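Data first, discussion second: the structure below is written as structure tokens.
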Amino acid sequence: MEALMSAQFNTLVLNDKLFPVGIIAWQQAVQMCLDGGARRIQAYPGRFVRSARLDVPWPSVILDPSRTVRLGLTANRRNVIARDRFACQYCGVEPRNGVGHPNTDLLTIDHVVPRCQAEYGYVESWYDGVCVPVSSWENLVAACEPCNLRKAGRTPEEAGMPLLSVPTSPGIFTSIRILVSRVKAMPATWEPYLEL
């Protein structure tokens, strides 16, 4: 899935309730439509896949009734920063580049309960006492570099730096938002289906 996001003109996949369940390469979407497993809902204007006998509109949005929501995104740097809406979870700063897009180079990942306090790779969650892996969704947040350095090897309470939100594993809506954040320019044809 990671490599697909760099390609242009990806295809948004909807389930039978018109709920977004993933993003795939346009080539895969064309094949699914030709095989009869999916149905094209929207096409990219003026774009066609052509062969000697066939002109197929380039699918922008398809309906695949067999698809279910794909949860289980990896708790990596890019996904955690997207879950946290590209903002430091300690001070709220949202670094932007010259054209107003999020500047993820100015954000780091912070272990809420530091790795140095982990026993056998697990920590006690700072907010509910449940034991979680040290690098899990529930123990990682986006942080600007100054806040990360200031907090250092302490918990938010020890550092006197309360979190703006509780880190959790992403649900369905957040997972879709994370997937869409990987697409450089969201096609206008997707917008009606992504009003989450």
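Values as computed for the structure displayed
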{"quantity": "Simple label model, 7 Å out from Cα along Cβ direction - E157 to C131, nm", "calculated": "1.9"}
{"quantity": "Packing-based exposure ordering (other Cβ within 10 Å, fewest first) of F86, F19", "calculated": "F19, F86"}
{"quantity": "On Cα atoms only, tilt of 26-35 relative to the major axis of the chain in degrees", "calculated": "50"}
{"quantity": "Sequence ranges 43-51, 88-96, 105-113, ranked by mean other-Cβ count within 10 angstrom, highest first", "calculated": "105-113, 88-96, 43-51"}
{"quantity": "Cα-projected label distance for L18 with R47, points at 7 Å along beta-carbon direction, nm", "calculated": "2.3"}
{"quantity": "Given [x] 9, 30, 27, 19, 11, 4, 1; [y] 10, 40, 37, 12, 1; [z] 9, 36, 35, 16, 4, 0, the label whose value is P(r) over Cα pairs in 10 Å bins from 0, in percent derived from this model", "calculated": "[x]"}
{"quantity": "Segment 77-159 shape via C-alpha gyration tensor axes, a/c threshold 1.5", "calculated": "prolate"}
{"quantity": "Linear extension gain, E119 paired with D35, 0.36 nm per residue minus alpha-carbon span", "calculated": "25.1 nm"}
{"quantity": "Cα centre as origin, Lys/Arg/Asp/Glu Cβ charges: segment 48-110 dipole, Debye", "calculated": "240"}
{"quantity": "Computed helical MRE - 222 nm, the chain, DSSP H runs ≥ 4 contributing -39500 (n - 2.57), nearest 500", "calculated": "-5000 deg cm²/dmol"}
{"quantity": "Degrees between helix 172-181 axis and first principal axis of the chain (Cα, 0 to 90, nearest 10)", "calculated": "80"}
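Values quoted throughout were computed directly from the atomic coordinates according to the rules given, and no laboratory measurement underlies them. Not measured: the values here are computed from a predicted model. Note that we place each Cβ from the backbone using ideal geometry, even for glycine, and neighbour counts take in every protein chain shown.
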